[in-house]
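Every read-out reported here was derived from the displayed coordinates using simple, explicitly stated rules and does not represent laboratory data. Computed from a predicted structure; not experimentally measured. Virtual Cβ from ideal backbone geometry, glycine too; neighbours counted across all protein chains shown.
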Amino acid sequence: MTTTSRAKKIFALSLGQGLTGVVNLVSGMVMARVLSQAELATYRQTMLAYQIAIPLLSLGLTHGIYYFLPTEKTRVRGIVMDALFMMVAMGLLYAVFIALGGNHLLAKRFSNPTIVNTLAYLVPLPLVMLPAGLLSSVLVVQDQVNKLAIYNVSTNMVLVLGVIAACLYWQTPEAMVIAKVGTGVVMGLLGIRLMLKALPKDDWRPHWRNMKKMLSYSIPLVTASVLGTISFQLDKIIVSSMCTPEEFAIYSNGAIEIPSIGILTGLIMAVILPDLRRLASVNDGRGALVLFRQFAGRSAMVMMPVMMFLLASAKPFILTLFSFKYINSVLPFQIYLLTIPMRIVTFDTFLMAFGKTRTILNRSAVGLVANAVMSILFVHSMGYLGAIIGTILSLCFVETLWNFISISRIANCSWWNVLPLKIIAQLTGLAVLACLPVGMMVASGLEMAPFTLLLINGILFVLTFISLVWIFRFEIMKHEIVWLWAKGSNWIKLILRRNLTI
């Protein structure tokens, strides 16, 4: 399989995740304007509980199926049916958990009794969406990436339109959850049908022995997946448990991830993982590090300017998204942006290529514990902002440091050579200078709509940053800008030619 083919496949997998981020921003804009802070917290806490449960309920089968399907010759449909059977069983387990009072337990843990009913409404969703979660793996293995991309886009659009419609018409979190469940069940059933049509009509009967084999492979994956999900959502879990619903609403609108970050890191992983594996197979740690540093630098060329611009324009950005009701979300958003330098590249890509899965698991476990301890202590002493501070400290001094040391041992280099720190520092310096006119605009106090101010800030920042790149002769960035300009110009010319031909 070529690198291009791999990149195309993993892009399809990351597309849904990226679109989910965009969809969440759009729906968040509507909800922030229609719902009260308490109502928004009810919806967000309900979905937070579901998002935490899904990786555990999936048993790691969505990843484990990649191991079994490519080599199976006589029982492809049967393997998928085995996984489907286990997924439905886990969906039923969630239903039993809710029936036995699990929703009351979670409501008490989240300090919000109003989510008792909304959690119960979610019962049908995992029964369908857990089996439908296998669709991505099946279509990728069956080389039907285009269908997968179309399904991902369609599903996210239907889900967000359903939730927004319920929010605008009924204006209650209960109606939004029901809309999410209804649209999710419909799209999930469509996904299951699409998945079954993609499979050969061979032996479909479930085999208990094969289920045990799949579980033995997937359980370590689900452990890492659950740790990763909890770690990613830990700050929100702690704020939800220790603060009021209104404070959680303010925090959750500030602690948001820019969708482009997930897409960019996913694409970088898609491009370099095959080559990293090839270099790892001949134990060429230094060669792998050169490639890793190259793509980390390219990622930083996007992420560092974006981070600095959003730090300077945080107020108009948040007010554009969520209105003046959530002006207190500006500071959490600015602090949350400080996690970007530690996420310019996925360190796990390098470690996975060299088979260091235990390192990933150990780091995730220790990082989770450190994050939990620090976040709880800081939230107790300084309120919800403490959750972000605890997360940043854990990322910096536990997980990132662990990654640096582990990769430096593999590549036999100093830890400060793992990333192109000089390039990152230069990019940050240029971005800081480019923020000066933006800061002047924000500080001027001119009366204008947040969106207008954000647009003007964006134009000022881009023009200033590009000018500084040429003034300081930052050749690497100049090359990327020229390349992007050429590609964009060719794309526009192609569109114009087609329109003129028509």
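Within the shell of other residues whose beta carbon sits under 13 angstrom from the beta carbon of residue 238, the net charge comes to 0, with Lys and Arg scored +1 and Asp and Glu -1. Across region 104-113, rounded Karplus estimates of 3J(HN,Hα) from the backbone phi angles (6.51 cos²θ - 1.76 cosθ + 1.60, θ = phi - 60°) give 5, 4, 5, 4, 5, 5, 8, 6, 8, x Hz, Gly and Pro being marked x.
Computed from backbone phi, the HN-Hα couplings of region 82-98 come to 4, 5, 4, 4, 5, 5, 4, 4, 5, x, 5, 4, 4, 4, 5, 4, 5 Hz, rounded to whole numbers (Karplus: 6.51 cos²θ - 1.76 cosθ + 1.60, θ = phi - 60°; Gly and Pro given as x). Here the spin labels are modelled as points 7 Å beyond Cα on the Cα-Cβ line, and at residue 415 and residue 476 they lie 2.2 nm apart.
The mean sequence distance of close C-alpha pairs (under 8 Å, at least 6 residues apart), as a share of the length of region 105-234, puts its relative contact order at 29 percent.
This ranking places 236, 325 by how few other beta-carbon atoms lie within 10 Å of each, fewest first, which gives 325, 236.
Across region 255-471, Cα-Cα distances exceeding 31 Å account for 29% of all pairs.
In this label model, residue 447 and residue 201 are separated by 7.2 nm, measuring between points 7 Å along each Cα→Cβ vector.
With a Förster radius of 60 Å applied to the beta-carbon distance between residue 100 and residue 432, the computed FRET efficiency rounds to 0.65. Whole-Hz Karplus values for region 245-252 come out as x, 5, 5, 5, 4, 5, 5, 5 Hz, taken residue by residue from phi with 6.51 cos²θ - 1.76 cosθ + 1.60 and θ = phi - 60°; glycine and proline positions read x.
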